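*Asks:* Sharing a structure, written as structure tokens. Questions coming.
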Amino acid sequence: MENNAAIIISKALVQDLNNCISVISPEQLFVLTDTSSREYCLPLIRKCPALASAKVFSMRSGDDFKNLDTVVDVWTFLGENGGTRQSMLINLGGGVVTDLGGFVANTFKRGIRYINIPTTLLSMVDAAVGGKTGINFRQLKNEIGVINPAEKVLICSEFLRTLDKENLLSGYAEMLKHGLLKSQEELHRLASFDINRPDYDLLSDLIGTSVAVKEAIVAVDPTEKGIRKALNLGHTIGHAFESLSHTQKRPILHGYAVAYGLIGELYLSYKCQGFPQDEMIRLCRFISENYGRFEIDCDDYPALYELMAHDKKNRHAGEINCTLLSDVGQIVTDCIIEKEQIFKALDFYRDTVGI
């Protein structure tokens, strides 16, 4: 892509980053990483001339640190190192870093510019693009945040060569969601990709398509008043799984939670909107075979339901609002789901994954 685009699929990361910084010409430059991305990813951009005087802050790795305490630490670091409204923050890392870093940038001095450089598949196709930023609060995912996009997002698939299979699969769940929103052709391309022996050139092409699906939706509805709600597919149930996993001290990755959420919400799509049963079964089998399972039993249903009832996507307190599909590419937003239907979807999930 051209460098005047908000999203750059980069083949020359150092050069593209240097050009982006030079055009903006910030007074101070800061880099936010976590302990993992500082070790494995920061060296890949260190040769960028514009980063010569940049100050680096490393937060602790993991979703448990995507919280207000870490935000205060980063705010303090920026303030103590001369940060002004003309500063810029580069977020180098996975979704935790880009989500939290974007929130920090949007709130420090009432907002400074920022660039996202996602280093995981999940952050490339989801967290780093679209402008959503945020932190977890009171056991709820992304409860506090703002929507305001990065100046640039630089996506470089070279980071993925050192990513383990589990984290590849985590990002791939969001790509499956985008495939469901786009077309049967794209969904079948994704379902036939060999995640065990990834072709990184093909994966880069699939990433470009996936990001384009999200960006096309965001361009029409940047503040989630209408069609952007389509991007919540799989997330109502998925976020509840993710929150429960952390509460019970057996955490699962975000993408795995979304994959499990897709099983439940495809079932609801089939029951409530007439989604094709054979397509539902095919994709649910793919998820079960590749993502394993998160163990739940009937005693967990009330807690999961309460987490869904408190989801920030609900329009009214206690009302569970889902995005469903009537077919691949046929989106139905603002579907109100009753408690009995949620419990049946959880039954279907358990049956599908063999619990």
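*Asks:* For the stretch 11-28: of the residues being among the aliphatic types (A, V, I, L, M) and buried (at least 19 other Cβ atoms within 10 Å of the Cβ), which is farthest from residue 86 (Cα to Cα)?
*Replies:* 13
*Asks:* So which residues in the stretch 229-257 are farther than 19 Å from residue 65 by Cα, free of Cβ contacts under 8 Å to residues at least 60 places away in the same chain and more than 13 Å from the chain's Cα centre (by Cα)?
*Replies:* none
*Asks:* Next question. Name the single residue that is surrounded by the most Cβ atoms within 10 Å (Cβ to Cβ) among those in the stretch 187-216 being touching a strand residue (DSSP E or B) at 6+ places or on another chain (Cβ under 9 Å) and among the β-branched types (Val, Ile, Thr).
*Replies:* Taking the candidates together, the pick is 211.
*Asks:* OK, next. Please determine, by comparing only the residues of the stretch 62-104 that are outside any helix (DSSP H, G or I) and at pLDDT below 95, which one is nearest to residue 252 (Cα to Cα).
*Replies:* 62
*Asks:* Within the stretch 29-71, restricting attention to residues that are among the acidic types (Asp, Glu) and over 15 Å from residue 93 (Cα atoms), which residue is surrounded by the fewest Cβ atoms within 10 Å (Cβ to Cβ)?
*Replies:* Here the answer is 69.
*Asks:* Give the residue that is surrounded by the most Cβ atoms within 10 Å (Cβ to Cβ), with candidates limited to residues of the stretch 273-300 that are farther than 30 Å from residue 251 by Cβ and out of contact with any helix residue (DSSP H, G or I) (no Cβ under 7 Å at 6 or more places or on another chain).
*Replies:* 279
*Asks:* Follow-up question, since we're still on this one. Within the bounds of the stretch 171-191, is there any residue that is at pLDDT 95 or above and either assigned by TED's automatic domain parsing to the domain that holds residue 44 or under 18 Å from residue 41 (Cβ atoms) (or both)?
*Replies:* Taking every residue of the stretch 171-191 in turn, at least one turns out to be at pLDDT 95 or above and either assigned by TED's automatic domain parsing to the domain that holds residue 44 or under 18 Å from residue 41 (Cβ atoms) (or both).
*Asks:* Also, I was wondering about something else. Considering 143, 166, which residue is surrounded by fewer than 23 Cβ atoms within 10 Å (Cβ to Cβ), in a strand (DSSP E or B) and either out of contact with any helix residue (DSSP H, G or I) (no Cβ under 7 Å at 6 or more places or on another chain) or at pLDDT below 90 (or both)?
*Replies:* 143 is the lone residue from the list that is surrounded by fewer than 23 Cβ atoms within 10 Å (Cβ to Cβ), in a strand (DSSP E or B) and either out of contact with any helix residue (DSSP H, G or I) (no Cβ under 7 Å at 6 or more places or on another chain) or at pLDDT below 90 (or both).
Rundown of residues vs (1) assigned by TED's automatic domain parsing to the domain that holds residue 205; (2) of a type in the set (A, V, I, L, M); (3) touching a helix residue (DSSP H, G or I) at 6+ places or on another chain (Cβ under 9 Å); (4) free of Cβ contacts under 8 Å to residues at least 12 places away in the same chain, yes/no style:
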residue: 15; (1), (2), (3), (4): no, no, no, yes
residue: 21; (1), (2), (3), (4): no, yes, yes, no
residue: 28; (1), (2), (3), (4): no, no, yes, no
residue: 40; (1), (2), (3), (4): no, no, yes, no
residue: 49; (1), (2), (3), (4): no, no, yes, no
residue: 76; (1), (2), (3), (4): no, no, no, yes
residue: 85; (1), (2), (3), (4): no, no, yes, no
residue: 89; (1), (2), (3), (4): no, yes, yes, no
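*Asks:* Pairs only if they're at least six apart or on different chains, beta carbon under 7 angstrom, first in the stretch 148-169 and outside the structural domain of residue 102 (by TED's automatic domain parsing), second assigned to a helix (DSSP H, G or I) and among the polar types (S, T, N, Q); list them, first residue then second.
*Replies:* 169/290
*Asks:* For the subset of the stretch 146-162 comprising residues that are more than 16 Å from the chain's Cα centre (by Cα) and not in a strand (DSSP E or B), which member is surrounded by the fewest Cβ atoms within 10 Å (Cβ to Cβ)?
*Replies:* Per the criteria, the residue is 161.
The values are calculated or read from the model by the stated rules, or taken from the named source; none is laboratory data. From a predicted model like this one, the values you see are computed outputs, not experimental measurements. A quick note on method: Cβ atoms are made from the backbone with ideal geometry, for glycine too, and the neighbour counts reach across all protein chains shown.
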